[in-house]
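Colleague: Before anything else, here's the structure in question.
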There are 2 protein chains.
Amino acid sequence: MALSLTQLQNVVKHIVDSEPFLHTPEELYAPIEYSLRLGGKRLRPTMLLAACQLFGGDIEAAHPAALAVEVFHNYTLVHDDLMDGSSLRRGKPTVFHRWNENTALLSGDAMLIMAFKYLSAPAVCRLLRMFSQMAIDVVRGQQYDMNFERRLDVSVDEYLDMIYLKTAVLFCGALRMGATLADAPAADIELLMQYGRNLGLAFQLQDDVLDTYGDENTFGKKTGQDISDNKKTMLLITALADANSDQRAALHKLLASPKSDAKVEAVRAIYDCIGVRSKVEKLIGDYLRQADAALAAIHATYEAKAPLRDLLQKLVGRHS
Amino acid sequence: MALSLTQLQNVVKHIVDSEPFLHTPEELYAPIEYSLRLGGKRLRPTMLLAACQLFGGDIEAAHPAALAVEVFHNYTLVHDDLMDGSSLRRGKPTVFHRWNENTALLSGDAMLIMAFKYLSAPAVCRLLRMFSQMAIDVVRGQQYDMNFERRLDVSVDEYLDMIYLKTAVLFCGALRMGATLADAPAADIELLMQYGRNLGLAFQLQDDVLDTYGDENTFGKKTGQDISDNKKTMLLITALADANSDQRAALHKLLASPKSDAKVEAVRAIYDCIGVRSKVEKLIGDYLRQADAALAAIHATYEAKAPLRDLLQKLVGRHS
């Protein structure tokens with residue numbers, strides 16, 4: 001009997017919750033346990049198991065791979081928060097903020113290594129090559145993101161390439177790993193990765209929208225952070241592209257101004273004038289439709305695809 | 001025909017020099033190339049190839065594993081320098097100093113992932129488990145080292161456990177990887193790891209001595225740094241253990257005082273009074289003898305062991 005999305009999520013919760021993360025020295029592992037126990041949506045390991053199940057694979061054998069992607073994802077959060085100086089994540093203090101810089105650095109390193117150690121389990125070690133390529137692509141995406149901070153002329157295509165690396169690659173990678181463990185046909189793996197790519201892009205664009213327009217309580221992070229940090233998000237890039245000359249001049253002036261609540265409000269007001277939010281939400285809708293189409297084309301029954309369809313559905317109109 | 005130590009070092013030099021490290025984005029890879037091209041002794045990949053050759057293995061098939069240990073070692077240097085705020089390494093600016101904190105963080109991450117990617121080559125991927133365990137032990141060692149910074153009561157045994165993890169584990173690991181690729185008998189691998197453990201401890205203790213007593217030009221780092229940073233080195237731990245009450249009081253006072261050349265001189269004078277240097281050098285001699293004995297016990301001809309014996313010999317009385 002195939003597991004539903006909720007059941008797969010419970011399997012993932014069980015895998016992560018029953019994994020002992022605390023070893024010696026505690027100073028190294030306490031932040032790791034903290035980070036992994038905070039929860040979050042655990043989308044990536046769920047996708048991996050769903051992909052494995054879709055093609056009739058043994059999801060129990062895939063557990064170490066699911067742990068690998070979740071621990072890897074948490075490594076990226078710990079180091080990204082350190083680089084960005086972010087103090088809040090999932091409504092709780094970040095590792096860097098709760099402990100200190102060196103702890104976030106070294107615990108993140110340990111998590112990255114742990115991810116590879118999970119992959120050394122015999123049932124999953126053939127994923128090493130694709131996993132390491134995916135990992136390096138995520139880091140490349142983070143570097144592009146940092147590069148963009150110093151630029152005002154980031155194009156829509158450059159931005160999409162960056163979030164593809166930074167976010168969608170891990171979605172694709174998790175799906176590909178699960179499907180590979182189930183020995184899925186190459187053509188179907190390709191379609192599944194199209195699903196993952198489009199879903200990943202939609203997810204990241206939604207994150208951009210939520211950072212500016214989300215509800216802080218459900219979002220778990222302070223909103224307006226991207227505007228404060230002059231982050232080149234899809235909202236800002238779209239605004240700069242579609243602004244009239246007065247609006248563009250105002251945006252440039254605001255980008256040069258120091259952090260303040262007034263700055264966030266003023267930028268948001270210009271976004272509203274230009275209609276940036278609905279433009280980005282239209283794009284999100286396009287990606288979600290393409291994800292859905294790719295999923296529909298996969299050679300498997302409609303019922304078997306239910307968890308991945310439900311996952312897509314859940315990400316439509318999410319508020320956190 | 002077996003290769004000599006010098007020939008093995010040349011093979012390693014060729015492997016590293018002919019590896020293209022520069023990809024896009026350049027901001028991520030330029031520090032990686034810089035770090036790997038700086039050279040250094042490249043002891044660890046040389047040990048790996050020497051161990052492989054000792055047991056009749058195919059050293060060409062071991063090349064990706066040699067790259068993995070060298071790139072991993074350089075990752076530890078980049079992140080350690082960042083954590084320590086060190087500005088000089090191998091006589092050149094550190095990555096953190098030449099670029100910035102976030103660059104050192106992310107490029108180090110990429111190097112760590114690259115090390116695992118090299119291991120995904122079919123001929124060497126069976127080393128993944130031992131490599132990832134070794135990697136996590138090195139990070140644990142670094143955490144203990146950081147923990148010790150806040151303590152004045154670090155014992156000799158605690159210190160030796162720490163440097164075992166931080167330094168000797170990678171020596172052992174490189175040797176074990178090489179021997180495993182050559183399908184060496186378990187008992188001989190065990191002896192080879194004893195050699196590596198003792199050599200690694202001697203090497204790190206020698207590093208402690210050189211940091212305080214070395215020649216800056218050949219050492220490649222500023223000397224006296226450990227004293228300035230109140231690092232719990234074997235010199236300081238031995239001094240605190242063997243000091244009379246006046247000397248101990250003076251040391252505690254100096255540890256509480258700010259960085260200065262006078263502080264370095266004063267601590268060094270107390271070390272000289274207590275005879276700390278010769279005590280630590282005696283210990284180094286003991287470890288080198290044990291390494292030599294373990295090597296001698298391995299079931300292989302005297303000639304076949306020449307590169308590893310020469311390596312040991314080279315580390316005796318090194319000045320950098």
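Colleague: What's the angle, to the nearest 10 degrees (0 to 90), between helix A:43-54's Cα axis and the longest principal axis of chain A?
Modeller: 40 degrees
Colleague: What residue among B:Asp286, B:Asp208, B:Asp84 has the largest mean-square fluctuation in a Gaussian network model of chain B, using Cα springs under 10 Å?
Modeller: Evaluated over chain B, the most mobile residue of the options is B:Asp84.
Colleague: Can you list, shortest first in nanometers, how far B:Lys253 lies from the same residue in the other copies, with each label 7 Å from Cα toward Cβ?
Modeller: The answer, with the shortest distance listed first, is 6.3 nm.
Colleague: For the pairs A:Lys231/A:Lys305; A:Lys166/B:Lys222; A:Lys231/A:Lys282; A:Lys232/A:Lys314; A:Lys117/A:Lys222; B:Lys166/B:Lys263, flag any whose C-alpha to C-alpha distance is greater than 29 Å.
Modeller: Details: A:Lys231/A:Lys305 36 Å; A:Lys166/B:Lys222 39 Å; A:Lys231/A:Lys282 21 Å; A:Lys232/A:Lys314 26 Å; A:Lys117/A:Lys222 34 Å; B:Lys166/B:Lys263 27 Å.
Violating the 29 Å Cα-Cα cut-off are A:Lys231/A:Lys305; A:Lys166/B:Lys222; A:Lys117/A:Lys222.
Colleague: In a solvent-free Debye calculation with one equal scatterer on each Cα, what is log10 I(q)/I(0) for the protein assembly as shown at q = 0.11, 0.12 Å⁻¹, listed in the order of the q values?
Modeller: Here log10 of I(q) over I(0) equals -1.11, -1.25.
Colleague: Using only Cα atoms, tell me the angle between helix B:306-315 and the longest principal axis of chain B; keep it within 0 to 90° and round to the nearest 10.
Modeller: Here the helix axis deviates by roughly 20 degrees.
Colleague: Report relative contact order for chain A in percent, whole number only (criteria: Cα-Cα under 8 Å, sequence separation at least 6).
Modeller: 20 percent
Colleague: Shortest first and in nm with one decimal, please list how far the A:Gly39 label point sits from its counterparts in the other copies (point 7 Å along Cα→Cβ).
Modeller: Once sorted, the set of distances for A:Gly39 reads 5.6 nm.
Colleague: Give me B:Lys222, A:Lys253, A:Lys117 sorted ascending by neighbouring Cβ count inside 10 Å, so fewest comes first.
Modeller: Ranked by crowding around the Cβ, least crowded first: A:Lys253, B:Lys222, A:Lys117.
Colleague: Please report, largest first and rounded to whole Å, the three semi-axes of the ellipsoid equivalent to the range A:33-189, where each semi-axis is the square root of five times an eigenvalue of the C-alpha gyration tensor.
Modeller: After scaling each eigenvalue by five and taking roots: 27, 20, 13 Å.
Colleague: Let me ask something additional. Which order results if A:Thr46, B:Thr223 are arranged by neighbouring Cβ count within 10 Å, fewest first?
Modeller: If I rank by nearby Cβ atoms, fewest first, I get B:Thr223, A:Thr46.
Colleague: Starting from the Kirkwood Rh over alpha-carbon pairs, what translational D in µm² s⁻¹ does the range B:1-106 have by Stokes-Einstein at 4 °C and 1.567 mPa s?
Modeller: 89 µm²/s
Colleague: For B:Glu101, go 7 angstrom from Cα along the Cα-to-Cβ vector, then report the distances to that same point in the other copies in nm, smallest first.
Modeller: 0.3
Colleague: Karplus couplings for the range A:232-246 from phi (6.51 cos²θ - 1.76 cosθ + 1.60, θ = phi - 60°), rounded to Hz, Gly and Pro as x?
Modeller: Calculated HN-Hα couplings, in order: 7, 9, 4, 5, 5, 5, 5, 4, 5, 6, 9, 6, 7, 5, 5 Hz.
Colleague: Hey, another quick one. Using the number of other C-beta atoms within 10 angstrom as an exposure proxy, rank B:Cys125, B:Cys172 with the fewest first.
Modeller: Lowest count first: B:Cys125, B:Cys172.
Colleague: Could you identify the residue of A sitting closest to the A-B rotation axis by Cβ and state that distance rounded to whole angstrom?
Modeller: A:Phe116, 2
Colleague: By a straight-distance test (C-alpha under 12 Å), which aspartates and glutamates pair with A:Lys41 as possible cross-link partners, with residues fewer than eight away in the same chain excluded?
Modeller: Within reach: A:Glu70.
Colleague: How large is log10 I(q)/I(0) at q = 0.08 Å⁻¹ when the Debye formula is applied to the Cα atoms of the range B:7-315, each weighted equally and without solvent?
Modeller: With one equal scatterer per Cα and no solvent, log10 I(q)/I(0) is -0.37.
Colleague: Cα axis of helix B:63-84 to longest principal axis of chain B: angle in degrees, 0 to 90, nearest 10?
Modeller: 20 degrees
Each reported figure results from applying straightforward, stated rules to the coordinates on display, with no laboratory input. On a predicted model such as this, the values are computed, not experimentally measured, just so you know. All Cβ positions, even for glycine, are placed from backbone atoms using ideal geometry, and neighbour counts span all protein chains on display.
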